[in-house]
There are 2 protein chains.
Amino acid sequence: MTITQLYYVLAVAENQNFTKAAEKCFVTQPTLSMQIQKLEDELDVQIFDRSKKPIELTDVGKKIVIQARNIVNESYRIQDIVDQQKGFIGGEFKLGIIPTVMPTLLPMFLKAFIKKHPKVKLKIEELTTEEIITRINDGHLDAAIAATPLEVDTIKERALFYEPFVCYIPQGHRLHGKNNIDIAHLDIDDMLLLEDGHCFREGVINLCKAFKDHTDDEFQLESGSIETLIKLSNEGLGMTLLPYLHTLDMRENEKKNLHYFKEPSPAREVSIIFHKSELKMQIIESLQDVIAGIIRGAIAFQDVKIISPIHKK
Amino acid sequence: MTITQLYYVLAVAENQNFTKAAEKCFVTQPTLSMQIQKLEDELDVQIFDRSKKPIELTDVGKKIVIQARNIVNESYRIQDIVDQQKGFIGGEFKLGIIPTVMPTLLPMFLKAFIKKHPKVKLKIEELTTEEIITRINDGHLDAAIAATPLEVDTIKERALFYEPFVCYIPQGHRLHGKNNIDIAHLDIDDMLLLEDGHCFREGVINLCKAFKDHTDDEFQLESGSIETLIKLSNEGLGMTLLPYLHTLDMRENEKKNLHYFKEPSPAREVSIIFHKSELKMQIIESLQDVIAGIIRGAIAFQDVKIISPIHKK
DNA sequence: ATATTTTTATAGCCTAAATTGATTAACATG
DNA sequence: CATGTTAATCAATTTAGGCTATAAAAATAT
């Protein structure tokens, strides 16, 4: 058994296809076929059920894949140990960011981070929380920035900052003009929400539900971006909630529609998250430092109440 | 990097010698030299400091060895998964047993276990607790039977039974004839003890210390076996404590000298212990079942007070 | 039902890597 | 200084991994 063989198994299991997996591994398909057969012979067990199309894992195969993932990850850590010893911070680093954090936070820290670590090849992807969790678990992401707590036991979290929710209430709305909004005043029915899949949406729903038990899940107006949300709100279609950082670079005439919650303001916890195996931990910690340093000053709310970003049934 | 290379590194680290390590791996010394050099080249770091005699690990080397141990162990688990799937219970199984448990417990379960699992090649070694911990950690033991709790975070414990301490008090001793001995009556100064390194000794000391603060560590009479302890006691050199199972097959005239503690009787917890990686878990669980089944009935004390087997400073 | 496409397995070949035996170099020890 | 021990080096051999080409099997289209 070799680490390479295990790596091939992972590739085939992921792609459910020898040919595609071979491309990902930069070898030819016969190479994969043979190495996997060799491993199956050695263990004297079928890992893949080749009678199914697309190809499937057998029951043992599934367990072997989990273990293979472990071993391959742990093998990466040896290079990690060496890098750490040498103080070398570099290589590819794949970071996921949720859509509602991406446009505001990324410009704040990206330059500083690249300057600090020119040898790190940052690859940033905008992904939903769900996609992030999958990719951290299968090793396709080294870390991510997401709203927490997530309660996923394979993933560790380190809080970066607490970002308050701010009300955007257009003129003519019943709450317009009021400041120090109380959570109890919110009504999910005149609240514009992001599309399904955004954890900020879940946060808002959780917040509203905290005071009113609302089982009807059919929200009428939904949008894919916060910018659109603001425009829809301006059209008089309802109020909406914005993450605090989004309110910093708004036009002056729109800023007039911002209304803050009375403290403790509801807020989301934004964290850097990563697999519990703690691979590339130096880079993660450095990124954490950079963001924490930049955010300090930008957000200065004292007392916040953290809203869960996950949908509870 | 290959699993084989990591295995070679472990062998050299353990033996501090390429030639001996090569023998253990069933390859020639140049093979080891070359493979380890190759790994060092690939990682671009020295794992061994070859200027020292005997050869030593570098600082990174030490960390790499820990990680290599992980990876090699995890790779064994793949075969474990396959075996488990097939319901195959077999292969080599290395079990350590502490000296004060060995002679009484081993005869009780050995036959039954061998009969239940004829394909398992049992290798049993009598070892002190300290040796057992080292060998479980470095993978030279699959499991062991020892007094617990040990508080070693790499090792898991499963209690098998609670074995009460029984007083052996020769005629003429101040406590002779009394039954329902109270712990408070014990005096470490007229207590015969096992040699250093036996955890039963530590247990007895902890027990005596519980009531009298005794800092003088110079015990006069010490012995390497419980049999000798009894003989010394018969010579009028003091009383001693015996593990309950030892009292079952004593001669009748010696049984007269046994005095039980009043409940809750002090007792040692005897457990099957194994590395947290839980390799060969089917065998371990089966062994646990066999021993638990046999001991049931042999020990029927209701209320016991567990004495720690470790020396606390 | 047949042709076409897609996908995996097989075979033969080549190259690179692992291993060995023999030898050398370095070092410690009597 | 000689001797024994131990790791490194070198050339030779074996083994294993990978490639190209091709066959076989299965799915899809005609």
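Against the definition (under 24 Å from B:Thr58 (Cβ atoms) and of a type in the set (D, E, K, R)), how does A:Lys94 come out, yes or no? Working first, answer last.
On the way: under 24 Å from B:Thr58 (Cβ atoms): no; of a type in the set (D, E, K, R): yes.
So A:Lys94 does not fit the description; no.
The sole residue among A:Leu95, A:Leu10 that is assigned by TED's automatic domain parsing to the domain that holds A:Asp138 and closer than 26 Å to A:Glu130 by Cβ is A:Leu95. Residues that are of a type outside the set (D, E, K, R), under 24 Å from B:Asn206 (Cβ atoms) and touching a residue at least 24 places away in the same chain (Cβ under 8 Å) within the stretch B:138-158 comprise B:Ala144, B:Ile145, B:Ala146, B:Ala147, B:Thr148, B:Pro149, B:Leu150, B:Thr154, B:Ile155, listed in sequence order. When B:Leu245, B:Leu241 are checked against the criterion of being touching a helix residue (DSSP H, G or I) at 6+ places or on another chain (Cβ under 6 Å), in a strand (DSSP E or B) and outside the structural domain of B:Lys123 (by TED's automatic domain parsing), B:Leu241 stands alone in meeting it.
I'd like to know if the stretch B:81-102 contains one or more residues that are under 15 Å from B:His275 (Cβ atoms), in contact with a helix residue (DSSP H, G or I) (Cβ under 9 Å, 6 or more places away or on another chain) and either assigned to a helix (DSSP H, G or I) or without any contact (Cβ under 8 Å) to a residue 24 or more places away in the chain (or both). I'd like the intermediate steps shown before the answer.
Of the stretch B:81-102, the ones under 15 Å from B:His275 (Cβ atoms) are B:93-96.
Okay, now just the ones that are also in contact with a helix residue (DSSP H, G or I) (Cβ under 9 Å, 6 or more places away or on another chain), so B:93-96.
Pick out the ones that are also either assigned to a helix (DSSP H, G or I) or without any contact (Cβ under 8 Å) to a residue 24 or more places away in the chain (or both) and you get none.
Checking the stretch B:81-102: not a single residue is under 15 Å from B:His275 (Cβ atoms), in contact with a helix residue (DSSP H, G or I) (Cβ under 9 Å, 6 or more places away or on another chain) and either assigned to a helix (DSSP H, G or I) or without any contact (Cβ under 8 Å) to a residue 24 or more places away in the chain (or both).
Restricting attention to the stretch A:226-260, the residues being out of contact with any Leu (no Cβ under 9 Å at 6 or more places or on another chain) and closer than 19 Å to A:Val270 by Cβ number 6. Here is the figure for the stretch A:75-87: residues that are within 9 Å of chain B (Cβ to nearest Cβ) and either touching a Pro at 6+ places or on another chain (Cβ under 8 Å) or farther than 20 Å from B:Asn70 by Cα (or both) total 1.
Exactly one residue out of A:Asn73, A:Asn17 is touching a Ser or Thr at 6+ places or on another chain (Cβ under 9 Å) and outside the structural domain of A:Glu278 (by TED's automatic domain parsing): that is A:Asn73.
If you check B:Leu122, B:Leu141, which single one turns out to be in the same structural domain as B:Gln282 (by TED's automatic domain parsing) and not in a strand (DSSP E or B)? Before you say what the answer is, go through the steps one by one.
Details: B:Leu122 fails: not in a strand (DSSP E or B).
Exactly one residue qualifies, and that residue is B:Leu141.
Residue count for the stretch A:27-59, restricted to those that are over 15 Å from A:Ala13 (Cα atoms) and touching a residue at least 24 places away in the same chain (Cβ under 8 Å): 3. Against the list (1) part of a strand (DSSP E or B); (2) out of contact with any Lys or Arg (no Cβ under 8 Å at 6 or more places or on another chain); (3) not hydrophobic (A, V, I, L, M, F, W, C), the condition B:Tyr162 fails is (2).
Listed here are the residues, each with its yes/no results for (1) more than 7 Å from DNA strand C (Cβ to nearest atom); (2) within 22 Å of B:His140 (Cβ to Cβ); (3) under 30 Å from the mean Cα position of the chain (by Cα).
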| site | (1), (2), (3) |
| --- | --- |
| B:Met1 | yes, no, no |
| B:Tyr7 | yes, yes, yes |
| B:Gln16 | yes, yes, yes |
| B:Lys24 | yes, yes, yes |
| B:Pro30 | no, no, no |
| B:Ser33 | yes, no, no |
| B:Glu40 | yes, no, no |
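Selection over the stretch B:161-174 of residues that are surrounded by 17 or more Cβ atoms within 10 Å (Cβ to Cβ) and farther than 18 Å from B:Leu245 by Cα gives a count of 2.
From the list A:Gly224, A:Gly172, A:Gly197, A:Gly139, pick out the single residue that is at positive phi and either of a type in the set (Ser, Thr, Tyr) or modelled with pLDDT under 80 (or both).
On the way: A:Gly224 fails: at positive phi; A:Gly172 fails: either of a type in the set (Ser, Thr, Tyr) or modelled with pLDDT under 80 (or both); A:Gly139 fails: either of a type in the set (Ser, Thr, Tyr) or modelled with pLDDT under 80 (or both).
Just one listed residue meets the conditions, A:Gly197.
The values are calculated or read from the model by the stated rules, or taken from the named source; none is laboratory data. For clarity, every value in this text was computed on a predicted model and none was experimentally measured. Cβ sites come from the backbone with ideal geometry, for glycine too, and all protein chains shown count toward neighbours.
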